[in-house]
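These notes are about the structure you will find just below.
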Amino acid sequence: QVQLVESGGGLVQTGGSLRLSCATSGSIFRTNVMGWYRQVLGKERELVASITSGGSTIYADFVKGRFTISRDSSRNTVYLQMNSLKPEDTAHYYCNAHRLIYHYWGQGTQVTVSS
């Protein structure tokens with residue numbers, strides 16, 4: 001069973017920073033594209049950022065210049081550094097691993113940005 005374990009969410013003021021972490025097994029980490037999605041109640045889940053095993057990244061337009069995704073192969077962990085947070089970044093953030101048609105999800109972690 002694939003496990004993605006997220007941590008690092010919480011409450012922060014506008015302009016603040018948080019770092020999310022997602023740990024998984026080595027086999028999943030090495031062979032899958034790792035990413036972060038977010039979802040607000042009543043809305044569809046949306047991609048925030050993703051990173052391949054080779055380090056190539058994709059960012060949603062709404063986080064470019066503010067968020068950075070990275071991966072640590074020694075820890076089988078992917079990170080999402082979130083800076084200059086805005087109230088509209090408030091959401092449940094999910095770690096994702098995918099390869100071909102297979103997608104795996106963590107339980108998610110809540111990020112709340114107060115104005």
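The values are calculated or read from the model by the stated rules, or taken from the named source; none is laboratory data. Bear in mind that the values here come from a model prediction, so they are computed numbers and not experimental data. When we count neighbours, we look across all protein chains shown, and the Cβ atoms used for this are built from the backbone with ideal geometry, even at glycine. These accessible areas exclude ligands, DNA and RNA; they are computed on the full protein's heavy atoms, side chains included. Shrake-Rupley method; radii C 1.70, N 1.55, O 1.52, S 1.80 Å.
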Quick check on the chain: what are the equivalent-ellipsoid semi-axes from the Cα gyration tensor, as sqrt(5λ), descending, whole Å?
23, 14, 13
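Can you send over the carbon and sulfur percentage of the accessible area for the chain, probe radius 1.4 Å, protein chains only? Each step should come with its number before you reach the end.
Numbers: 3050 of 6360 Å².
It is 48 percent, rounded to a whole number.
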With a sphere of radius 12 Å drawn around the Cβ of Y79, what net charge do the other residues whose Cβ falls strictly inside it have (Lys, Arg +1; Asp, Glu -1)?
+1
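In square angstrom, what is the accessible area per residue of region 1-58 with a 1.4 angstrom probe?
Values: 3280 Å² over 58 residues.
Each residue of region 1-58 exposes 57 Å² on average to a 1.4 Å probe.
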Taking Rh as the Kirkwood radius, which is the inverse of the mean 1/r over Cα pairs, what is the Rg/Rh value for region 1-50?
1.02
Considering only protein heavy atoms, with the full assembly of protein chains and a 1.4 angstrom probe, order H103, H92 by accessible area, largest first.
H103, H92
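If R₀ is 30 angstrom, what is the calculated FRET efficiency for the pair V40 and S74, using the beta carbon separation as r and rounding to 0.05?
0.35
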Counted charge near M34, where neighbours are those whose Cβ lies closer than 13 Å (Asp, Glu -1; Lys, Arg +1)
+2
How do R30, R19 stack up against each other in accessible area, from largest to smallest, with a 1.4 angstrom probe?
R30, R19
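If r is the Cβ-Cβ distance from Q81 to L47 and R0 is 22 Å, what FRET efficiency results, to the nearest 0.05?
Details: r = 17 Å, r/R0 = 0.76.
It comes to 0.85.
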Mind checking the alpha-carbon convex hull of region 60-115 and giving the volume per residue in Å³?
112 Å³
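Excluding V48 itself, what net charge comes from residues whose Cβ is under 15 Å from its Cβ, given Lys and Arg +1 and Asp and Glu -1? List each step's numbers first, then the result.
On the way: positive: R19, R38, K43, R45, K64, R66, R71, K86; negative: E6, E44, E46, D61, E88, D89.
With Lys, Arg at +1 and Asp, Glu at -1, the neighbours total +2.
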Sorting W105, W36 on solvent-accessible surface, 1.4 Å probe, most exposed first, gives W105, W36
